[in-house]
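K.L.:
Please read through the structure below; I'll follow up with questions.
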Amino acid sequence: MIEQFLEAFEEDGRRGLKHAAIWDNRSGGFVVRLWIVEDNSGPTFLPIDEFLAFYDIDDEQEGGRHIGIADSAEDAIELAAQKLGTHPERWVNQGVLFDEYNDYVKQGRPLGRWSHE
């Protein structure tokens, strides 16, 4: 699995986060999903993949929205770029999203597209 932290946003006085993931579904194809979750204001509440869904509609899907399935990893990366605006060079291995979120917290939780540079 690879993951990408996309952005932080604010809506109706609540803060949310978006992150994406791609993984091999083992039955042929690569799944692309988007999570839209609440940004917990506590500085030590990690990992991001355990945050609650931002929208009630996503709650049944554990916050994740199915974006699509691609035949190859490369096609999945392209699909994510087209549908979600992901950057092809910013994907990280499973578990590293925790570090991306930690960097975001250390930078004061800026709103907008995430760039750790």
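K.L.:
Which of (1) in a loop (DSSP other than H, G, I, E, B); (2) at pLDDT 95 or above is the odd one out, the single condition residue 32 does not satisfy?
P.N.:
Failed condition: (1).
K.L.:
Which residue pairs have Cβ atoms under 6 Å apart, sit 6 or more places apart or on different chains, and have a first residue in region 49-78 that is within 17 Å of residue 5 (Cβ to Cβ) and a second that is assigned to a helix (DSSP H, G or I)?
P.N.:
Hits for this filter: 53/59; 67/83.
K.L.:
Looking only at region 1-15, decide whether some residue is closer than 22 Å to residue 87 by Cα, touching a Phe, Trp or Tyr at 6+ places or on another chain (Cβ under 8 Å) and in a loop (DSSP other than H, G, I, E, B).
P.N.:
yes
K.L.:
In region 58-72, how many residues are outside any strand (DSSP E or B) and surrounded by 15 or more Cβ atoms within 10 Å (Cβ to Cβ)? Steps first, answer last, please.
P.N.:
Residues of region 58-72 that are outside any strand (DSSP E or B), as a first pass: 58-63, 71-72.
Adding the requirement that they be surrounded by 15 or more Cβ atoms within 10 Å (Cβ to Cβ) leaves 58, 63.
Result for region 58-72: 2.
K.L.:
Scan region 87-113 residue by residue and report those that are at positive phi, part of a strand (DSSP E or B) and among the basic types (Lys, Arg).
P.N.:
Residues satisfying the conditions do not exist here.
The values are calculated or read from the model by the stated rules, or taken from the named source; none is laboratory data. Because the structure is predicted, anything quoted here is derived from the model rather than measured. Neighbour counts run over all protein chains shown; Cβ positions are idealised from the backbone, glycine included.
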